[in-house]
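Please read the structure below before turning to the comments.
The values are calculated or read from the model by the stated rules, or taken from the named source; none is laboratory data. Note that the coordinates shown come from a computational prediction; the quantities given were computed from them, not determined experimentally. FYI the Cβ positions are ideal-geometry reconstructions off the backbone, even for glycines, and counts take in every protein chain you see. All accessible areas refer to the heavy atoms of the entire protein, side chains included, with ligands and DNA or RNA removed. Shrake-Rupley method; radii C 1.70, N 1.55, O 1.52, S 1.80 Å.
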Amino acid sequence: MNYHSTSFGNGLTVTADVVRPAELDPALLSAWQQLRAGRSCYSSPFYDPAFTLAVGAVRMDARVAIFTAGGEVVGFLPFHRVGRAIAKPIGGHINDYQGAILRRDIDHSDPALLSAAAIAAYDFNHLPAEFAARSATVRGGGTSPVMDLAGGYAAYLASRGKDFHKRQAPQRRKLRKLEREFGTTTFVFDSMDQAHLSAHTRMRNELYLSMGMKAQFAKGWQGEVFAELRRAKAGTLRTTLSILCAGGEPVAAHFGMISLGVLHWWFPAYDARASRCSPGLSLLEACAEQAQAEEVFAIDFGRGDEAYKKHYATREVQLLAGSFTRPATLASAVRTVGQRTLDPLERRLPKSLNSYPRRIADRLVTGVGIPRFG
């Protein structure tokens, strides 16, 4: 179905066709990739159409708004429709980079985009800050540390300072300890062994249990998305299952995605029995050393302030949480009033409690959660 609107920012008349991901034909997929080409802000695998196609294959609520202006495709917004007019990022909570893929002169926060697609609000919590220059209903969402490897791992090491190398010495000792206690280590950048995939799932779920969480990794629709991504061989996106074994047994594993030279460090896991040897960090370093041969020029660690991310990163991407809304809608009123109410409340509460109001609001209204089944 088509909707029409005049962009507030530059006077373009924008039209949106809202379709299911499977309805994207080769010409549209090519246009999507052309919009990504040469723009570092779209290099994340989450902006690859293959990610949207994988989610759309298992989620019936997945949609893509195709924006056109002057007969030219100027953007795509993959999303989940929740209710009649609320949009959530494609993939919900498993999506670490959110927002539309747009031509350079189209403003992400322009309400005309939502009007064209008959969307009242688009909620997000991993939106690059450069996409929200004019939006008022946003707040800080943390940073995503990135490890640049454009010149290869040797060049990366040479560029780091004395403090970095000083802190590397204990990790080298831990690797030697791992080999003494568990056996000789071997590394595979992308394993197709089903036993390795099972080991990764087991280790990931054991980590969840150790944190008091449910062991639900790779279950439900998320597991089906992972399987769809793993089967996809064509295009610019590929998955990788990296494995570090000691004595022939997996002690660390990572499942991630690669697109346009960026490896997204998505789901790392390690065997808790070997935790004192930090096998996960040894696996990360092995992947970084192999990166150039795999045409990987950066490792994006995803949002978070874990010590290892800060240690290995050479730069950070600022991410935001909030909503883009269409004026004069109930969704806009709820989000605007909520923002004005929560900001002073958070300032008054003790630091140990000031995140609770926002978390409750996110869970009930503005978060990126999508129905369990779609």
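Some points to look at:
- Within the set Arg36, Arg59, the sole residue that is touching a Ser or Thr at 6+ places or on another chain (Cβ under 8 Å) and crowded, with 18+ Cβ neighbours inside 10 Å turns out to be Arg36.
- Residue check, Thr186 open to solvent by 60 Å² or more (accessible area, probe 1.4 Å), of a type in the set (S, T, N, Q) and farther than 27 Å from Arg315 by Cα: yes
- Qualifying residue in region 177-187 (condition: free of Cβ contacts under 8 Å to residues at least 12 places away in the same chain and outside any loop (DSSP other than H, G, I, E, B)): yes
- Residue count for region 86-105 satisfying the condition of being of a type in the set (Phe, Trp, Tyr) and in a helix (DSSP H, G or I): 0.
- Which numbered condition Leu260 misses (of (1) farther than 28 Å from Gly151 by Cα; (2) out of contact with any strand residue (DSSP E or B) (no Cβ under 6 Å at 6 or more places or on another chain); (3) open to solvent by 60 Å² or more (accessible area, probe 1.4 Å); (4) touching a residue at least 40 places away in the same chain (Cβ under 8 Å)): (1)
- Checking each residue in region 56-74 for being assigned to a helix (DSSP H, G or I) and within 30 Å of Gly11 (Cα to Cα) picks out no residue at all.
- Only one entry of Leu113, Leu127 meets the criterion of being touching a strand residue (DSSP E or B) at 6+ places or on another chain (Cβ under 7 Å), open to solvent by less than 10 Å² (accessible area, probe 1.4 Å) and not hydroxyl-bearing (Ser, Thr, Tyr), and that entry is Leu127.
- Region 130-155, subset at pLDDT 90 or above and either β-branched (Val, Ile, Thr) or surrounded by 20 or more Cβ atoms within 10 Å (Cβ to Cβ) (or both), residue farthest from Val334 (Cα to Cα): Leu149
- Neighbours by Cβ (under 6 Å, 6+ apart or cross-chain): first from region 306-320, open to solvent by 80 Å² or more (accessible area, probe 1.4 Å); second outside any strand (DSSP E or B): Gln318/Ala129
- Complete set of residues in region 1-34 that are in a strand (DSSP E or B) and either under 14 Å from Ile66 (Cα atoms) or at pLDDT 85 or above (or both): Asn2, Tyr3, His4, Ser5, Thr13, Val14, Thr15, Ala16, Asp17, Val18, Val19
- Extreme residue, nearest to Asp25 (Cα to Cα), among residues of region 205-221 that are open to solvent by 40 Å² or more (accessible area, probe 1.4 Å) and in a helix (DSSP H, G or I): Gly220
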